[in-house]
Amino acid sequence: MSISEDEAEKVYPTEYWNDGSGCKKVFAANTDDLQEAYIRGREAPPSDVEVKAVAKRLLWRSCKKWDGIESDCVAKDEDDAWDYAGEICGYQEDFIDRAKEVLEVARKAVTES
C-alpha cells in the first residue's frame, strides 16, 4: 500500500454495512465534490516524506560524482549520499529547507491563476 493510500485509509476508513455481507458502503459524489477533492489534493502542503524525497534528490544532483570531504568513498546512490550528509552537522537540514522552498514554489504555481 502506498503512503497516500495508507493516509487516505486513516483519514477516511473503509466502512462496511453491518449486515454481515462484508459489502462496503457506497456514497454518492457529484462532479463538484470530485473537483473539490482534486483541488484539495493539489493544494495540500507536501508531506514530510515528499520533502525528504526532494531533499535527497537535490543533494544527489548537487554533485556529479558524490564523495565526502577528505574521503575516498564515493556514494553509491541517493540513500548512501543522504546517510553520509547526516554525518555533517546541518547538511541534511539545509537540503530539507531547499526542498521545502522548491515545493512551495511549485505549489504556488498550481494555486495562482
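The numbers here are math on the coordinates, done by the rules we state, and not lab data. All figures in this text were calculated on a predicted structure; none of them were measured in a lab. Backbone-built Cβ (ideal geometry, glycine too); neighbour counts: all protein chains shown.
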Less than 12 Å Cβ to Cβ from ALA109, Lys/Arg counted +1 and Asp/Glu -1: what total charge do the surrounding residues give?
0
Surpassing 32 Å at the alpha-carbon level, of the pairs LYS25/LYS56; LYS10/LYS76; LYS76/LYS100; LYS10/LYS56; LYS10/LYS52; LYS56/LYS108, are LYS25/LYS56; LYS10/LYS76
Around ARG98 (Cβ within 13 Å, Cβ-to-Cβ, excluding ARG98; K/R +1, D/E -1) the net charge comes to 0
Per DSSP helix of 4 or more residues, -39500 (n - 2.57); summed, then divided by the residues of the chain. What does that give at 222 nm, rounded to the nearest 500?
-18000 deg cm²/dmol
Relative contact order (%) - the chain, alpha-carbon pairs under 8 angstrom, separation at least six:
23 percent
Under 5 Å, built H, 5+ apart or other chain: amide partners of VAL74
none
One quarter of the convex hull surface, Cα atoms only: what value does that give for the chain in nm²?
11.2 nm²
Please return the longest range in the chain lying between exposed loop sites, taking trypsin sites (Lys or Arg not before Pro), DSSP loop only, at most 11 other beta-carbon atoms within 10 Å, and leaving the sites out.
26-63
